[in-house]
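Only one structure is covered here, and it is reproduced in the block below.
None of the figures in this text is laboratory data; all of them are computed from the coordinates on show. What you see is a predicted model; the values in this text were computed from it and never measured. Cβ coordinates were reconstructed from backbone atoms using ideal geometry, including for glycine residues, and neighbour counts include every protein chain displayed.
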Amino acid sequence: MQAIHFIIALPLLAFIVAGLSNRAFGIAFPKLVTTGALFIACALSWSIFIPFLTGGGSESVAPVFTWIESGKLDVSWGLRVDALTAVMLVVITSVSALVHLYSWGYMSEDPDQPRFFAYLSLFTFAMLMLVTADNLLQMFFGWEGVGLASYLLIGFWFKKPSANAAAIKAFVVNRVGDLGFMMGIFGTFLVFGTISIPAILEAAPGMAGSTIGFLGMRIDTMTLLCILLFIGAMGKSAQLGLHTWLPDAMEGPTPVSALIHAATMVTAGVFMVCRLSPMFETSHAAMTFITAIGAATCFFAATVGVVQTDIKRVIAYSTCSQLGYMFFAAGVGMYGAAMFHLFTHAFFKALLFLGAGSVIHAMHHEQDMRYYGGLRKKIPVTYWTMMAGTLAITGVGIPGSLFGFFNIGFAGFHSKDAIIEAAYAAGATPAFWVGVFVALLTSFYSWRLVFLTFHGKPRWAGSEHIQHAVHDAHGHHDHPAEEDAGHEPDPHGATHDEVTDGTGGYHPHESPAVMLIPLLVLTIGAVFAGFVFHSYFIEADGNFWNGSLFFDEHLAHAMHEVPVWVKLSATVAMLIGLLIGWLAYIRNPAFPAKAAETFSVLHTFLLRKWYFDELYNVVFVKPALWIGRVLWKGGDEGTIDRLGPNGLAWAIQRGSGIASRLQSGYVYTYAFVMLIGLTAAITWVITR
């Protein structure tokens, strides 16, 4: 067997073993099996990835079996390995292995640990199936598999109504996107007569300029197919319009957020667009649409992130915004930059989520940053690792190319700045300016998180939330009690001077080593991933990709020739965001409350997430419930049941009642009935 077979099989076998054994062999056994399997898969993935860096990697397809043969449809299950797949293998298995290890500490008090670890392995298997697909149907199998696994993981604490609601919301919203993806697959098979990815990409340029009938209109064939496929990516990668599920998905355990909603599942749409990049390149309209949606998502999510108070939701909206960066990079034709940001984002975003989990663990599962403050010295390892993640996501670095040496900076500096430069070089001026402004917002809300959490006076002193949580027998849940939901505390309320011991009777504590080790490993990626891999992902000739995605050499050269002010724009925006955050939350902590009061309409608008949920509730949810109620009460109960089973039951009951009256038990009654019957029969014969 090839290494790729083991990489795929190990998470699947781990899921089966952990799921079937459950607690039969103790809690440690399924955790050992799943975690060990993922670390082995991770090592094998790096062994595939490194040869591509050294020039020794080559594209291959490992056949597994023939799946479907029906007419022209021939679906052979094969595992494709090329540079694009190798990147995703490293991202998925590395983050998943570290999340498995981290969960040993974070989920240590949960009685359903075997089920949790089984779900993690199931998700990893499905994601690996998606990125190794050699045809669209096989990709769709993995696509739906991660949807199922995410539903199970988001709703892991199924006794919490909010977790169940979030899981259902994620499932339903993704099904909307999947409808577009399925229609794109059907249309692709109709046009090309195959769903083999290499065959489609080879034939795609020949279909440029052709038209196809759709909804009674003639539409450009490739534009229609690409937009339908991209709608699937919008759902999976939480782009504007189909983004509403992502923030609510934070109802799941924090390791789930790091695995699914930071590094892997939500990047599936980006991967799909890059995998089919030669196909998307045939439609300028589709590329423009992708750029517009990506830039709009980037801006929307960043504006909402600046007012969030839940530490996980801030990072969740950050994820949504960074995905927007990736998509508008793909939209302007720089797929290498999109994948580069996907790669670096996996490390620093998983680091931020797991770091947030460490903070939540220290604060006895309180997630509201308004109850934090002064934690820098209490949890120093968590603080410095989250500082590394913040420096990475905000793009801290020195554009050394301006001074004759290499660019020096954290991971996001190399990848995000490359996207902004690509947008300018491609002539996508609106996307460029959106990218620069969002860099400012990203810096602001990221440093706001750091300042509120680790600096200033400890606002957790005397907090009723914390005190209740300390005595909560169910403290392993991520979220505070339902009665606390929606409570708006005074961010400048009780301080350490107002209580006897300065802590309100509670002492934050650093996380155990099993949680800190993954943070330290991810810190290495957040610091060095951009510097080490920049030349491979965005090199001018695209040799690293070796045809696994479309690489525009002219655009790559143009990126290096942009004006100096373009190269400095993201760095300047980052510094402005940092300065505003410092002034608002360190120098003058009273300013945010005054600003929110002064601009109350705007603050409420952002706090309500642009009212997307309310709009969808009016436009889709309430009409759907009304239609369902009408069909249920009027159609099902009032018509079908009334005339069908209930009506027949009533007729039989009435008939039985009448018939029972004839069964008197007297012989003369039966003789009289027989006489009537005989008379009727003789009358009928005579009349005939």
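Structure summary
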{"quantity": "Inverse mean reciprocal Cα-Cα distance (Kirkwood Rh) of the range 52-176, Å", "calculated": "16.5 Å"}
{"quantity": "Which of 679, 615, 628, positive extreme of dipole for the range 614-687 (C-beta unit charges)", "calculated": "679"}
{"quantity": "Gain in span if fully extended, residue 568 to residue 590, counting 0.36 nm per residue against the direct Cα distance", "calculated": "4.7 nm"}
{"quantity": "Cα-based radius of gyration of the range 614-687 once divided by 2.2 N^0.38 Å, which approximates compact folds", "calculated": "2.26"}
{"quantity": "Mean ellipticity per residue at 222 nm, deg cm²/dmol - from DSSP H runs of n ≥ 4 across the chain, formula -39500 (n - 2.57)", "calculated": "-21000 deg cm²/dmol"}
{"quantity": "Shape metrics for the chain, restricted to C-alpha atoms - Rg then Dmax, Å", "calculated": "30.1, 121"}
{"quantity": "Inter-part distance where the range 572-608 and the range 630-688 are each reduced to a Cα centre, Å", "calculated": "79 Å"}
{"quantity": "Gained length - residue 175 relative to residue 211, 0.36 nm times residue gap less alpha-carbon distance", "calculated": "10.2 nm"}
{"quantity": "Where only alpha carbons of the range 309-402 are counted, the Rg and the Dmax (Å)", "calculated": "15.4, 47"}
{"quantity": "Approximate spin-label separation residue 656-residue 612, in nm, with each point projected 7 Å along Cα-to-Cβ", "calculated": "5.7 nm"}
{"quantity": "Exposure proxy order (Cβ contacts within 10 Å, fewest to most) of 67, 626", "calculated": "626, 67"}
{"quantity": "Given charges at beta-carbon only (K, R positive; D, E negative), |dipole| of the range 577-666 in Debye", "calculated": "100 debye"}
{"quantity": "Sequence-distant lysines (8 or more away, or on other chains) whose Cα lies within less than 26 Å of residue 622", "calculated": "159, 160, 169, 236, 609, 633"}
{"quantity": "Check: the chain dipole with +1 on Lys, Arg Cβ and -1 on Asp, Glu Cβ, in debye", "calculated": "1220 debye"}
{"quantity": "Peptide ranges 669-677, 304-312 listed from the most packed, as the mean C-beta count within 10 angstrom indicates", "calculated": "304-312, 669-677"}
{"quantity": "Potential lengthening between residue 664 and residue 539 on full extension [0.36 nm per residue; Cα-Cα distance subtracted]", "calculated": "35.0 nm"}
{"quantity": "Cα→Cβ-extended label distance, 7 Å offset, between residue 546 and residue 429, nm", "calculated": "4.1 nm"}
{"quantity": "Mean Cβ count within 10 Å, highest first, over the residues of peptides 37-50, 126-139, 273-286", "calculated": "126-139, 273-286, 37-50"}
{"quantity": "Residues of type lysines that residue 377 reaches as a straight line, Cα spacing below 21 Å, ignoring anything fewer than 8 places off in the same chain", "calculated": "457"}
{"quantity": "Dipole of the range 3-607, positive end: most advanced residue of 518, 589, 241 [Cβ charges, Cα centre]", "calculated": "589"}
{"quantity": "Derived scalar couplings ³J(HN,Hα) [the range 335-343; Karplus, 6.51 cos²θ - 1.76 cosθ + 1.60; whole Hz; x for Gly, Pro]", "calculated": "5, x, 5, 4, 5, 5, 5, 4, 5"}
